[in-house]
1. Are any of the residues in segment 285-294 touching a residue at least 24 places away in the same chain (Cβ under 8 Å) and in contact with a strand residue (DSSP E or B) (Cβ under 9 Å, 6 or more places away or on another chain)?
2. List pairs: first in segment 43-58 and more than 14 Å from Leu336 (Cα to Cα), second open to solvent by less than 60 Å² (accessible area, probe 1.4 Å) and acidic (Asp, Glu), Cβ under 7 Å, 6+ apart or cross-chain?
3. Please determine whether any residue of segment 105-127 is more than 29 Å from Trp317 (Cβ to Cβ) and either of a type in the set (D, E, K, R) or open to solvent by 60 Å² or more (accessible area, probe 1.4 Å) (or both).
4. So, in segment 17-49, how many residues would count as being more than 23 Å from Trp111 (Cβ to Cβ) and either at pLDDT 95 or above or among the acidic types (Asp, Glu) (or both)?
5. Residues of segment 40-66 being assigned to a strand (DSSP E or B), of a type outside the set (Asp, Glu) and within 23 Å of Ser112 (Cα to Cα), which ones?
6. Between Asp182, Asp173, Asp229, which is in contact with a His (Cβ under 7 Å, 6 or more places away or on another chain), free of Cβ contacts under 8 Å to residues at least 40 places away in the same chain and not hydroxyl-bearing (Ser, Thr, Tyr)?
7. Just one of Gly235, Gly210 is in a loop (DSSP other than H, G, I, E, B) and in contact (Cβ under 8 Å) with a residue 24 or more places away in the chain; which is it?
8. Which is assigned to a loop (DSSP other than H, G, I, E, B), in contact with an Asp or Glu (Cβ under 7 Å, 6 or more places away or on another chain), more than 16 Å from Ser327 (Cα to Cα) and in contact (Cβ under 8 Å) with a residue 24 or more places away in the chain, of His69, His13, His102?
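The values are calculated or read from the model by the stated rules, or taken from the named source; none is laboratory data. The model shown is predicted, which means the values in this text are computed figures rather than measured ones. No Cβ is skipped: glycine too gets one built from the backbone with ideal geometry, and neighbour counts run over all protein chains shown. Just the protein is used for accessible areas: all its heavy atoms, side chains included, with ligands, DNA and RNA removed. Shrake-Rupley method; radii C 1.70, N 1.55, O 1.52, S 1.80 Å.
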Amino acid sequence: MGKLTIHQSLTGHVGRVWSAAWHPTGTLFASCGEDKTIRIWTKTGDGWSAQAVLAEGHSRTIRDVAWSHCGQYLASASFDTTVAIWDKKTGEFECNATLEGHDNEVKSVTWSRNGNLLATCSRDKSVWIWEIHNYLDQEDEYECVAVLNAHTQDVKKVSWHPTQDVLASASYDNTIRLYKQDPADNEWGPGAELESHASTVWSISWDSTGKRLASCSEDGTVKIWQEFDPNNSLGIACPEGESVWKCVCTLAGYHPRSVYDVDWCKKTGLLATACGDNRVRVFKEVPPSAAEADQQPTFELVVTSEAHSQDANKVAWNPVVAGMLLSASDDGDIILWQYEDDLGIPECR
């Protein structure tokens, strides 16, 4: 089994904290919420404190924040229908671009691994893909290159594949959609549709390889999806020589209320969830025996923590420090945790 130890509880936001995102270096993170501000938190000695408060970018609740993989840019998605792009080219964080086009609340934003693509999604049921043009002597430009309408309801989350230009989205319509660019005409379009959840899919998270995807839902479950290539060892059919995605594991009975977020640690393989019962949970994959190598994966619940006094909205593993986790809640708090199991802090895989 394992344990989560509180390292620090951070206050400052007024109202719900909807989201938080670690900087790629793991030395700072950004948070956002109902108070229409973004806070940049940095480590100072043994603790963490707010280095900056960004309050000029949005006129309504900020629902999501995401760092570019180069660490130079921060994107924020707001209920005011816009996405703001922040950078520190002048030494201080400034909003140097505002992306407009969605007809309703923007719920999520994500950067591609190579940094030349940005994706957003909205209550207007659409997913937008933006191409970034960087210039040395002038402001960056953001061009919308695709508006994707594969979902029939509010789109809650978008997330880029960790190594490829493949995008995943999760929706109120109970489904997950994957998108990729057609090499023949460079047009973006929907690919696989992942259906198994019985209610809203709130969030998704890739594993480190991009061959598996975790999803969490209003139905109280977490599902693990796996990509199967042609000629796979299990003999799963791949029509027209294309890989297929299958649900290979369902974590049910652990969450009595909605599961609002899931994060798959790229360093340790641990899964963390944020639930409407105010708790944070951590799951660990059970290594298969040699005889079970081709069987479906299994996960065990290793810790449940009474994290917050209201709904837990967000969980995020530090990308550098193994076992460090943050959670954010409707109660306005952000908690930094350290996970350890019986052998101590988990080793990187």
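1. Here is the first cut: in segment 285-294, the residues touching a residue at least 24 places away in the same chain (Cβ under 8 Å) are 294.
From what is left, the residues that are in contact with a strand residue (DSSP E or B) (Cβ under 9 Å, 6 or more places away or on another chain) are none.
The answer is no; no qualifying residue exists.
2. Within 7 Å, the pairs are His58/Asp80.
3. The answer is yes; a qualifying residue exists.
4. 5
5. Step one: of segment 40-66, the residues assigned to a strand (DSSP E or B) are 40-44, 47-54, 62-66.
Okay, now just the ones that are also of a type outside the set (Asp, Glu), so 40-44, 47-54, 62-63, 65-66.
Ile40, Ile62, Arg63, Val65, Ala66, listed by residue number.
6. Working: Asp182 fails: in contact with a His (Cβ under 7 Å, 6 or more places away or on another chain); Asp229 fails: in contact with a His (Cβ under 7 Å, 6 or more places away or on another chain).
After ruling out the rest, the residue left standing is Asp173.
7. Details: Gly235 fails: in contact (Cβ under 8 Å) with a residue 24 or more places away in the chain.
Exactly one residue qualifies, and that residue is Gly210.
8. His102
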